[in-house]
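Structure first, then comments.
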Amino acid sequence: MERIVENLAEVEERIARALARSRRHRSEITLIAVTKTFPASATLAAWQAGLRDFGENYVQEFETKSPLLGPLEDARFHLIGHLQSNKVNKAVPLFDCVQTVDSARLAGRLSQSRAGAGLPPLDVMLEVKLSDEESKHGCDPENLAALVEGVQPLPHLRLLGLMTIPPFFEDPERSRPYFARLRELAVKYELKALSMGMSNDFEAAIEEGATHIRLGTALFGRRTKPAG
Ligand SMILES: *Cc1c(COP(=O)(O)O)cnc(C)c1O
């Protein structure tokens, strides 16, 4: 608990410096606390420290933790890991935002499921794959126009913007071109939200226009358990 308070203060200072360098305001940034592998108590401590947006990678893991959290006023939960279509119905009542939509088919299923659950439209972002390596998920930039066109008319989804996960680099400056590329795409498709930047590169992401940064390690320390 003390650690999250201290870590958050440090993160906020780093955010403030990056914002000052780029002449942006704190209100433009949503800080998402990534709680994957950490127990529900970590989410509660982060909420008590003032955080309201939380990121989870696995539907199953959050399904287990969610009942332990109880009602957390103003909390918003973002799915930031890949969503398999057979988990859509489970994910829909658990999350306020799905950041990893990468096909029109998945979007269609989410919209239908959300309608069936009688819930208000689900916020979504489109995950864009900007590198050839590693990450198997995400829409190729060449297919983004079609995906945007496919998602925008869906009545039970609200398309906020784009999300990306660059390959991991020790040097955050190497993430910067990926962030700049995502911003170019958002401008092209007139989308506002840009979810980019993790513990090791969020300052560069803020300087490149991030509206949502996703921080795990910087807030909670190193993950020791495997995710899942
Ligand atoms: C785990 C994860 C994060 C947080 O990573 P840290 O480096 O611990 O800040 C952010 N985004 C996604 C998609 C993740 O899977």
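The values are calculated or read from the model by the stated rules, or taken from the named source; none is laboratory data. Just so we're clear, the structure is a prediction, and the values are computed from it rather than from any experiment. When we count neighbours, we look across all protein chains shown, and the Cβ atoms used for this are built from the backbone with ideal geometry, even at glycine. The area values use the complete protein model at the heavy-atom level, side chains included, leaving out ligands, DNA and RNA. Shrake-Rupley method; radii C 1.70, N 1.55, O 1.52, S 1.80 Å.
Tabulated data
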| read-out | value |
| --- | --- |
| Only Lys, Arg (+1) and Asp, Glu (-1) charged, at Cβ; the range 2-214 dipole about Cα centre in debye | 520 debye |
| Mean Cβ neighbour count within 10 Å, used as a protection proxy, ranking 170-183, 195-208, 75-88 highest first | 195-208, 75-88, 170-183 |
| Prolate/oblate/rounded label for the range 119-193 (Cα gyration tensor, a/c 1.5) | prolate |
| Mean Cβ neighbour count within 10 Å, used as a protection proxy, ranking 114-127, 16-29, 96-109 highest first | 96-109, 114-127, 16-29 |
| Relative contact order for the chain, counting Cα pairs under 8 Å that sit 6 or more residues apart, in percent | 22 percent |
| Computed [θ] at 222 nm, deg cm²/dmol, the chain (DSSP H ≥ 4; -39,500 (n - 2.57); rounded to nearest 500) | -12000 deg cm²/dmol |
| Kirkwood estimate for the range 167-228, i.e. one over the average of 1/r between Cα atoms, Å | 12.4 Å |
| The chain shape via C-alpha gyration tensor axes, a/c threshold 1.5 | oblate |
| Solvent-accessible heavy-atom area per residue, rounded to whole Å², over the chain at 1.4 Å | 49 Å² |
| Rounded if a/c under 1.5, otherwise prolate or oblate - the range 1-111, Cα gyration tensor axes | oblate |
